[in-house]
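Engineer: Sharing a structure with you now.
What follows draws every value from the coordinates through simple rules; no lab data is involved. Because the structure is predicted, anything quoted here is derived from the model rather than measured. Counting neighbours? That spans all protein chains shown, and the Cβs are built from the backbone with ideal geometry, glycine included.
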Amino acid sequence: MEWFSTISLALGSAWTSGINLYATVSILGLLQKFGATKLPGGLDVLDNWWIIGIAGGLYIVEFFADKIPYVDSVWDVVHTFIRVPAGAVVAYAATNDLDPTVWVSAALLGGGLAFASHGTKAAARIGANFSPEPVSNWALSFIEDGIAMIGTVLAVFAPFIIAGVLIVFVLFFLWFFPKVFRAVKRLFAATAAFFRGESFQDIARKAG
């Protein structure tokens, strides 16, 4: 069942990359660096200290940016163009020793899962930013970090569990997709307004 473990790791890591790319890369790299696992395919390059250090440094930046209302949504807009392709790359790298049909499919599915998890995260954040207090942002940020970290560990050590998590998430996302689409549209409009010096909330509500 090594093939199943590899595919589960590929897709699970792609999914967590859409939530927190830097935590995913850091954990994968550290697990291999300290001999806890042998990552498949091209993922073995992640045990390089330079990669771990850069990912860890960016995680620290994201940790604080993610706690600030509106800044977190601007950060999400920018990372739409980072997390999604990174999810596809992670899935490809994990499976590139397998048949080309597998790694092409994994890359496509990985990108889709990263988009779905990133979109769900962004939808939750744009909703939280309508709240007049920062507690919801902090709570969501810690929950997201926890999901990304635990999900990455499960992708490495518990392939059947992460496969089950992904199936449940996909079903939830299909039901939630219209709300995600509207929220992402509001997110981009609100971010553009933010840079024009207009009210983030007012423009976001109009865009909805």
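Engineer: Any idea what the alpha-carbon Rg over 2.2 N^0.38 Å comes to for the chain?
Structural biologist: The value comes to 1.02.
Engineer: Of the listed peptides 6-19, 38-51, what is their order by residue-averaged count of other C-beta atoms within 10 Å, with the highest listed first?
Structural biologist: For the peptides 6-19, 38-51, the packing ranking is 6-19, 38-51.
Engineer: What shape does segment 52-93 take by its C-alpha gyration tensor, where a ≥ b ≥ c are the square roots of the eigenvalues and a/c under 1.5 counts as rounded, a/b above b/c as prolate, and the rest as oblate?
Structural biologist: oblate
Engineer: Between Leu171 and Ala65, what FRET efficiency comes out of the Förster formula 1/(1 + (r/R0)^6) with R0 = 45 Å and r the beta carbon distance, rounded to 0.05?
Structural biologist: 0.90
Engineer: Projecting each Cα onto the charge dipole of the chain (Lys/Arg +1, Asp/Glu -1 at the beta carbon, about the Cα centre), which of Gly12, Ala91, Leu140 comes out farthest on the positive side?
Structural biologist: Of the listed residues, the answer is Leu140.
Engineer: Along the positive direction of the dipole of segment 2-207 (beta-carbon charges: Lys, Arg +1; Asp, Glu -1; about the Cα centre), which of Leu31, Trp49, Trp175 reaches farthest?
Structural biologist: Trp175
Engineer: To the nearest 20 debye, what charge dipole does segment 2-207 have about its Cα centre, counting +1 at the Cβ of each Lys and Arg and -1 at the Cβ of each Asp and Glu?
Structural biologist: 640
Engineer: If one takes the longest principal axis of the Cα atoms in the chain, at what angle in degrees, from 0 to 90 and to the nearest 10, does the Cα axis of helix 135-157 lie?
Structural biologist: Roughly 10 degrees, rounded to the nearest 10.
Engineer: Something else: Within segment 2-207, what is the number of lysine pairs with alpha carbons under 21 Å apart, leaving out pairs fewer than eight places apart on the same chain?
Structural biologist: Qualifying lysine pairs in segment 2-207: 6.
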